[in-house]
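The values are calculated or read from the model by the stated rules, or taken from the named source; none is laboratory data. Note that the structure is predicted; figures quoted are calculated from it, not measured. We place every Cβ from the backbone using ideal geometry, glycine too, and count neighbours over all the protein chains shown. Ligands, DNA and RNA are stripped out before the accessible areas are found, and what is left, the full protein with its side chains, is counted by its heavy atoms. Shrake-Rupley method; radii C 1.70, N 1.55, O 1.52, S 1.80 Å.
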Amino acid sequence: AKALGRCNYQYYSPEMNARTLDRLTLENGLRHAIERHELVVLYQPQYSLATGAMTGVEALLRWLPPGRDVITPDVFIPIAEDSGLIVPIGEWVLRTACAQQVAWKQAGLGSLRIAVNLSARQFRQAGMEVMVAQALEDSGCDAGCLELEITESVLMDRPDSAAETLQRLSRMGVRLAIDDFGTGYSSLAYLKRFPIDVLKIDRSFVRDIPGDSDDAAIATAVTALAHSMHMSVVAEGVETEAQRDFLRSLQCDYVQGYLYSKPIAADAVATLLKLAL
Ligand code: C2E
Ligand code: CA
Ligand code: CA
Ligand code: CA
């Protein structure tokens with residue numbers, strides 16, 4: 001037993017050893033995942049509620065180690081984050097997504113906006129905006145077609161340096177979104193100072209609308225707040241027509257969720273776009 005404090009003992013059970021081992025195995029596997037082509041970016045379509053058109057996609061990472069089931073990001077992103085592997089992996093996701101945006105455009109399928117998730121470690125990496133600029137330049141993707149999603153907790157942890165990084169990205173023409181809005185603690189005073197373009201209403205607030213009056217009030221307030229500050233609103237986790245209709249009544253701008261599509265491969269996105277031409 002390891003002492004954690006005067007009265008707190010943490011016991012290492014066989015089960016925990018197995019978990020630690022599993023974690024090390026995952027971390028070692030992840031170390032080679034890029035070069036072994038085991039990482040795949042899926043894309044979840046986002047739709048305009050006003051026009052019904054697909055206007056963008058969110059890039060969502062999957063890991064397919066040989067001989068194992070697909071590993072979801074909830075499992076491996078924290079490991080990648082702790083080990084620092086998120087930095088090269090995140091750059092790879094960004095470059096892959098930018099290249100895909102250009103490929104869809106060159107195939108005559110229009111200029112979709114691509115949203116890419118940035119982890120805390122990536123966002124705080126010195127010179128990260130140089131990496132973003134390089135990825136845009138190398139792919140030929142327009143900065144205005146790239147949206148970077150950052151969570152509130154990452155921004156609020158060190159708000160002054162976050163504001164500077166956001167300003168540099170914003171000046172490049174990249175769009176900035178706050179992910180999972182409402183789940184962390186956001187100071188509205190800082191929100192005003194950050195050059196944010198988009199608020200994403202977290203799935204936990206979408207799940208029980210319109211029935212749950214608290215969640216309905218939150219969705220209403222977030223949408224009104226965003227619009228009054230000239231930001232657009234994306235609702236995530238939209239699974240039912242009732243949720244969609246309520247969000248439309250709020251004049252929420254964009255929706256994303258299983259009602260429309262799960263995250264899908266790039267060629268499946270192309271098929272959807274061709275059907276809509
Ligand atoms: P997130 O950014 O909040 O992404 C939305 C998650 O909700 C995705 O899970 C998506 O598949 C899921 N989702 C979308 N619509 C629905 C719906 O209608 N119902 C339900 N139940 N779920 C829905 P996913 O793909 O497993 O990703 C989980 C999280 O992992 C993401 O949450 C994000 O925080 C992180 N992540 C994924 N890809 C990346 C990446 O490339 N970089 C970083 N740093 N994080 C990533
Ligand atoms: Ca996201
Ligand atoms: Ca989210
Ligand atoms: Ca989330």
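Couple of notes before you dig in:
- Number of the condition not met by C252 [criteria: (1) touching a helix residue (DSSP H, G or I) at 6+ places or on another chain (Cβ under 6 Å); (2) in a loop (DSSP other than H, G, I, E, B); (3) over 27 Å from L109 (Cα atoms); (4) not charged (D, E, K, R)]: (3)
- Output for the range 201-242, where each listed residue is more than 14 Å from ligand 3 (Cβ to nearest atom), touching an Asp or Glu at 6+ places or on another chain (Cβ under 9 Å) and within 22 Å of E147 (Cβ to Cβ): T223, A226, H227, H230, M231, S232
- The single condition from (1) touching a Leu at 6+ places or on another chain (Cβ under 9 Å); (2) open to solvent by less than 70 Å² (accessible area, probe 1.4 Å); (3) over 21 Å from V93 (Cα atoms); (4) in a helix (DSSP H, G or I) that I218 fails is (1).
- Some residue of the range 192-206 being within 14 Å of the chain's Cα centre (by Cα) and farther than 16 Å from A115 by Cα: yes
- Each residue in the range 197-215 was checked for being touching a Lys or Arg at 6+ places or on another chain (Cβ under 7 Å) and either open to solvent by 30 Å² or more (accessible area, probe 1.4 Å) or assigned to a loop (DSSP other than H, G, I, E, B) (or both), and 1 pass.
- Scope the range 222-239; condition surrounded by fewer than 13 Cβ atoms within 10 Å (Cβ to Cβ) and assigned to a helix (DSSP H, G or I); matching residues: S228
- Residue among A135, A99 that is surrounded by fewer than 19 Cβ atoms within 10 Å (Cβ to Cβ) and of a type in the set (A, V, I, L, M, F, W, C): A99
- Number of positions in the range 103-140 that are assigned to a loop (DSSP other than H, G, I, E, B), touching a strand residue (DSSP E or B) at 6+ places or on another chain (Cβ under 9 Å) and more than 16 Å from ligand 1 (Cβ to nearest atom): 2
Here is a yes/no grid of residues against (1) open to solvent by 30 Å² or more (accessible area, probe 1.4 Å); (2) without any contact (Cβ under 8 Å) to a residue 12 or more places away in the chain; (3) not aromatic (F, W, Y):
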{"residue": "E91", "(1), (2), (3)": "yes, no, yes"}
{"residue": "Q122", "(1), (2), (3)": "no, no, yes"}
{"residue": "I150", "(1), (2), (3)": "no, no, yes"}
{"residue": "E164", "(1), (2), (3)": "yes, yes, yes"}
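- Failed criterion for D160 (all others in (1) open to solvent by 20 Å² or more (accessible area, probe 1.4 Å); (2) among the acidic types (D, E); (3) part of a strand (DSSP E or B) hold): (3)
- The lone criterion from (1) within 16 Å of ligand 1 (Cβ to nearest atom); (2) closer than 26 Å to R121 by Cβ; (3) of a type in the set (K, R); (4) free of Cβ contacts under 8 Å to residues at least 60 places away in the same chain left unmet by R175 is number (4).
- Restricted to the range 250-267, and to residues there that are within 15 Å of ligand 1 (Cβ to nearest atom) and free of Cβ contacts under 8 Å to residues at least 24 places away in the same chain, the residue that is least open to solvent (accessible area, probe 1.4 Å) is L259.
- Selection from the range 187-200 of residues that are within 16 Å of ligand 3 (Cβ to nearest atom) and modelled with pLDDT under 95: none
- Restricting attention to the range 240-249 and to residues that are more than 23 Å from the chain's Cα centre (by Cα) and closer than 21 Å to S228 by Cα, the residue that is least open to solvent (accessible area, probe 1.4 Å) turns out to be F246.
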